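None of the figures in this text is laboratory data; all of them are computed from the coordinates on show. None of the values given here were measured: they were computed from a predicted structure. Because the Cβ atoms are built from the backbone with ideal geometry, glycine has one as well, and the counts that use them run over all protein chains shown.
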Amino acid sequence: MAPSLHNGVVMRQTEMGDISQMKGGGEMNITRIGLDLAKNVFQVHGVDANERVVLRRQLKRSEVLRFFAKLDRIETCIVGMEACCGSDYWARELTKLGYDARLMNPSFVKPYVKSNKNDARDAEAICEAVGRPTMRFVPVKTLEQQDLLLLHRQREQWIKRRTALVNHVRGLLGNYGIVIANRIGNLRQALPRLLEDAENDLTELARTVFAECYRELQTLDNEIVALDMRLSHIAETRTDCRRLMSIPGIGPMTATAFVAQMGDGRQFNQARQCAAYLGLVPAQYSSGGKEQLGGISKRGNRYLRTLLIHGARADIRAAKQRREKQVVLARDEWSCALEARRHQNVAVVALANKNARIAWALLRDETEYRAVA
């Protein structure tokens, strides 16, 4: 197919419909790029200042950084990507090359996909979405944040494996007429006794298998304890984590997870945006001037939201004990009064919302928590 000339820029259009830069064709002045990430095959879509498509290209993983390093563009070229596995890495690498890398929630990109889905249309949709003035972006995580998240992800994985193992063992014991109550502690205590009890129906083979399961349970317990100790040590050595731990209901696990997810908190303009990002605000379905509010939206990071809610539930129990000891704090009066009016879970989520707002303010302003008596 013959080359075409657009605004003094020589380009060629192949049978696949790709538009790529040709040597000696001048500068393309690319202002915005949509990059569709994948494991091995990446799709690039770029436009110029007049919103004309000047770049469509499919790249292998090994070609991506080399391609962007040599690409003709304006100095403030924006590269949009969907927030997914590996997106933080590519955003950091592209930032090193001088690009303005921005990540977006995939659900915000979906409305811009035209017709049927393929890599080229995905990259075009990303390019379109990243240029919208009202688009909200996901902050790029630093390597330090990634390390903290790595520890929390590993801890979460160990806990899931332990829960699965406990349920597995309880189910197998049921086939031998042995029923153990829920909770991991019950199995921990009961399993050694069952292995030593010669009067039950466990065969020698079954005792061998359940003994192996018990050793695996002990191993998982030790791994989780080791990770907890490591996270607690990190929380004690970091100033920002110590600030957050001064808030009632926030301990080492929540503090390190909050810092890993939020960074310095400057991606939000106000505290409510942080709480909404974590899904701690009511879901809304309003129309025609009629406001309809439901339960919490449960958006954002479920792991961090769970930690905040569990911490708030523990703080409400502690608030009742403080009131019995005549230790009165303003937040205790507020949470106990709310619990008296509404359901306990409503009070717990409201306190988690308050803690998230306070934590955001402490991170952004680098201030200390001051309890109001």
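Numbers for the structure displayed
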read-out	value
C-alpha center-to-center spacing [the range 239-277, the range 126-204] in angstrom	25 Å
Shape call, the range 51-139: gyration tensor on alpha carbons, a/c limit 1.5	rounded
Neighbour-count order for Asp72, Asp201, fewest beta carbons within 10 angstrom listed first	Asp201, Asp72
Neighbourhood charge, 11 Å Cβ-Cβ cut-off, centred on Met135 and excluding it, Lys, Arg +1 and Asp, Glu -1	+2
Between the range 76-91 and the range 326-373, the Cα center-to-center distance that results, in Å	36 Å
Chymotrypsin sites (Phe, Trp or Tyr not before Pro) within the range 282-373: DSSP coil, no more than 11 neighbouring Cβ in 10 Å	Tyr285
Vicinal HN-Hα couplings computed from phi for the range 344-356 (Karplus, 6.51 cos²θ - 1.76 cosθ + 1.60; Hz; Gly/Pro x)	4, 5, 5, 5, 4, 5, 4, 5, 4, 4, 4, 5, 5
Neighbour cut-off at most 11 other Cβ (10 Å), DSSP loop, GluC sites (Glu not before Pro), the range 154-224	Glu199
Under the Karplus curve 6.51 cos²θ - 1.76 cosθ + 1.60, θ = phi - 60°, whole-Hz ³J(HN,Hα) for the range 40-51, x wherever Gly or Pro sits	10, 10, 10, 10, 10, 9, x, 10, 9, 5, 8, 6
The range 137-291, relative contact order in percent, only Cα pairs under 8 angstrom and at least six apart counted	28 percent
Whether the range 260-365 is rounded, prolate or oblate, judged on the alpha carbon gyration tensor where a/c under 1.5 counts as rounded	oblate
With at most 15 other Cβ atoms within 10 Å, longest stretch of the chain clear of loop trypsin sites (Lys or Arg not before Pro) (DSSP)	184-265
Approximate spin-label separation Arg66-Val113, in nm, with each point projected 7 Å along Cα-to-Cβ	3.1 nm
Listed residues Gly185, Gly46, Gly80, most fluctuating in the chain (Gaussian network, C-alpha, under 10 Å)	Gly185
Cα-Cα over 29 Å, subset of Lys141/Lys290; Lys141/Lys320; Lys110/Lys298; Lys110/Lys160	Lys141/Lys290; Lys141/Lys320; Lys110/Lys160
Net charge contributed by nearby residues that have their C-beta within less than 15 Å of Gly185 (K/R +1, D/E -1)	+4
Orientation-averaged projected area, Cα convex hull of the chain (nm²)	27.9 nm²
Size of charge dipole - the chain - debye, nearest 20, with Cβ of Lys, Arg +1 and Asp, Glu -1, no other charges	840 debye
Within a Gaussian network of the chain (alpha carbon springs, distance under 10 Å), most fluctuating of Asn167, Asn182, Asn222	Asn182
Share antiparallel - DSSP beta bridges, the chain, percent rounded to 5	70 percent
Between helix 330-341 and the chain: long-axis angle, C-alpha atoms, 0 to 90°, nearest 10	80 degrees
